[in-house]
Each structure stands twice: as C-alpha cells, then as structure tokens.
Amino acid sequence: MIKPAALLICFGIGFSAFAQDDSTGPLVALLKSLTAQSSDADRDSLNALVKGELRVLLAQDDAMTRSFEGVPLSRVDAPDGSFRLFTWNVARNDGSHHYEGFLLHDISKGNVLHELNDATASITSPEVPELGPERWYGALYYQVVPVKKGAKTYYTLLGWKGQSAVETRKVIEVLHFKGKQPRFGAPLFGSGKLKANRKVYGYAFQASMMLRHDVGQGMIVMDHLSPQRQDMTGQWAFYGPDLSYDAYIWDKDHWRLEQDIDARERQKDTRPFKAPPAAPKP
C-alpha cells in the first residue's frame, strides 16, 4: 500500500520545510493525519475534512496569489495566471487510488472554483472522451505546458496516476475552457481525422517512467514502454522502459509523436516525480 501524502511530498510541488503559511496549518495537519490511517473508511472521513478546509482557503480573495508553502498537495499554476489546479490522491488498501482536485479559475468577475470528481472506474477508454469537472480522469498533475491552436490556448498537463497494486500510469491531459467552463481532453494527439483527446501510458508498478516537458528542446520527452515478452502485449502491468525515448512535438495544431529520439540530453533530467516503494500491506 502506498500512502497518499507520501506520494504528494515526493512530487516536490507546493511543499517546503520552510516558511509555512499559518492559515494553512489545519490543512497541513489533516493531510499528515491522512497518511497515518490504515482503513479506507478512516481515510475517506479525513479526506472529507481536507476538502472542506481547502475549499475555505480557495474561496478567499487571495487564493490566486497565496503561496501554499508547506502544503503537501500537487499544484500547477497556469503561466498566464488564468488558473491554479490542486490535486491529491487517497490510497486504497487494494492498491488502487482515488483522486481529488480543485480548479480555481480566474475570470473577469472574480474566481470560480470547480471541484473535480474522479470517475476513473467508469471511463473504460480513457483516450477517447472529452470530460468535465463532474466526470474527470483523476491524476496528480506536476507540469503544465500551454500551447496555441489559432487564438485558443490549450494547457497540456503531465500527471502521475497510481492505477492498481500492479500498474502505474502517466497521463498527458489537456485542459481548456469553453467560455467559463473547464473541459478536460482535446483532439490534439496524432494525425488524420481520429485524434486522441489525451494520452495514457501504463507500466509495471515497480518501474518508473520518465515523462517531462523539456523547455530547452521544446518537446515532451518520455521513456518508450515495451512488454516484458511479446505474449504480454497489451497488458500494461508488464510494461516498462526499454532504454529508447519518444517525444511529442507541437506542430502548429497538434502534438506530433516522434519515436526513437536522441535523448542524450536526458542525462540532465531532474525528474519531477518518482513514486516511493510500496509499503508492506497490513
């Protein structure tokens, strides 16, 4: 079993041992207590308190500029200041995870807060649908990459997703806005008429997949995943990095996949997230 706050702290996003905002103290205490629980029911009870406390903080006038230093949540801020996105996970004793999120959107008349509802279990083909806050493919986001398609901005999100006791996933999501309404997923991946709305990569839980935006090279770089044996093709729990690398490059109006790239620059990589080893099950 992987404890939820341990994952969030390892992200290195929004967490510091220094200069904690006093007003966030109760939230930090609740998140730390969440890691100590051994039952799903107790975690759910504490998670409800976490959501309530964070909702109060995000309703305040300074929510878009508050530092949230010392709060062990995953947070990504839009470079243009249009939104802040907070995500966290609640581990289950069966090795799966439930995801929570709040999206704070800055509009002309003030901030609008959207609560994200994890609907992973009902999304059987995750690369296909466009989704809304009420039906979200939950993940912990650690990087945001804005791109332009015409006059519209799309925010590409890189995320980690503990899927089960045997499988982990990385997600390339797209956040955009239709008027004031946030939407997750857009047909930006691939070529031709049928494009994926998001990309999802599964691999063995004991493996580690690199997925990051390389600002210097202007691309999203990632490990290429392969099955341990050919007869395991399609069974993601038996996939892992094969020492080759792929990349998504923004090509005017879509993310174009380039396979088997020269990834010597990867030596300079500081990975934004590495899942800790699973704790022994009780």
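The values are calculated or read from the model by the stated rules, or taken from the named source; none is laboratory data. As the structure is a prediction and not an experimental result, all values here were calculated from the model. Note: ideal-geometry Cβ built from the backbone for every residue, glycine included; neighbour counts use all protein chains shown.
Suppose the filter is part of a strand (DSSP E or B) and aliphatic (A, V, I, L, M); does residue 128 pass it?
Considered against the rule, which asks whether it is part of a strand (DSSP E or B) and aliphatic (A, V, I, L, M), residue 128 comes out as no.
Restricting the first residue to the stretch 76-90 and requiring it to be hydroxyl-bearing (Ser, Thr, Tyr), which pairs with a second residue that is not in a strand (DSSP E or B) meet a Cβ separation below 7 Å and a spacing of at least six or different chains?
Taking only residues 6 or more apart or on different chains, the pairs are 87/139.
Of (1) in contact (Cβ under 8 Å) with a residue 12 or more places away in the chain; (2) out of contact with any Ser or Thr (no Cβ under 6 Å at 6 or more places or on another chain); (3) more than 17 Å from residue 75 (Cα to Cα), residue 194 satisfies all except one. Which?
Residue 194 satisfies every listed condition except (1).
Restricting to the stretch 146-156, count the residues that are surrounded by fewer than 22 Cβ atoms within 10 Å (Cβ to Cβ), touching a residue at least 12 places away in the same chain (Cβ under 8 Å) and in a strand (DSSP E or B).
6
Please work out which residue is surrounded by the most Cβ atoms within 10 Å (Cβ to Cβ), limiting yourself to the stretch 204-218 and to residues that are small (Gly, Ala, Ser) and farther than 23 Å from residue 229 by Cα.
218
Among the residues that make up the stretch 172-184, is at least one of them over 20 Å from residue 125 (Cβ atoms) and at pLDDT below 95?
So far as the stretch 172-184 goes, yes, one or more of its residues are over 20 Å from residue 125 (Cβ atoms) and at pLDDT below 95.
Looking at this structure, is residue 112 surrounded by fewer than 18 Cβ atoms within 10 Å (Cβ to Cβ), closer than 25 Å to residue 182 by Cα and without any contact (Cβ under 8 Å) to a residue 24 or more places away in the chain?
It is false that residue 112 is surrounded by fewer than 18 Cβ atoms within 10 Å (Cβ to Cβ), closer than 25 Å to residue 182 by Cα and without any contact (Cβ under 8 Å) to a residue 24 or more places away in the chain.
Output the residues belonging to the stretch 225-256 that are crowded, with 16+ Cβ neighbours inside 10 Å and hydrophobic (A, V, I, L, M, F, W, C).
225, 236, 237, 238, 247, 250, 255
Does the stretch 199-244 hold any residues that are touching a strand residue (DSSP E or B) at 6+ places or on another chain (Cβ under 6 Å) and either of a type in the set (Gly, Ala, Ser) or more than 23 Å from residue 156 (Cβ to Cβ) (or both), and which are they?
Scanning the stretch 199-244 gives 202, 204, 205, 207, 226, 227, 233, 237, 238, 240, 242, 244.
Those residues that are free of Cβ contacts under 8 Å to residues at least 12 places away in the same chain and in a strand (DSSP E or B), I need them from the stretch 157-182; list them, please.
Residue satisfying the conditions is 178 alone.
Here are 220, 249: which of them is under 23 Å from residue 84 (Cα atoms), β-branched (Val, Ile, Thr) and at pLDDT 95 or above?
Answer to the check: 220.
Taking residue 222, is it buried (at least 22 other Cβ atoms within 10 Å of the Cβ) and on the phi < 0 side of the Ramachandran plot?
Yes.
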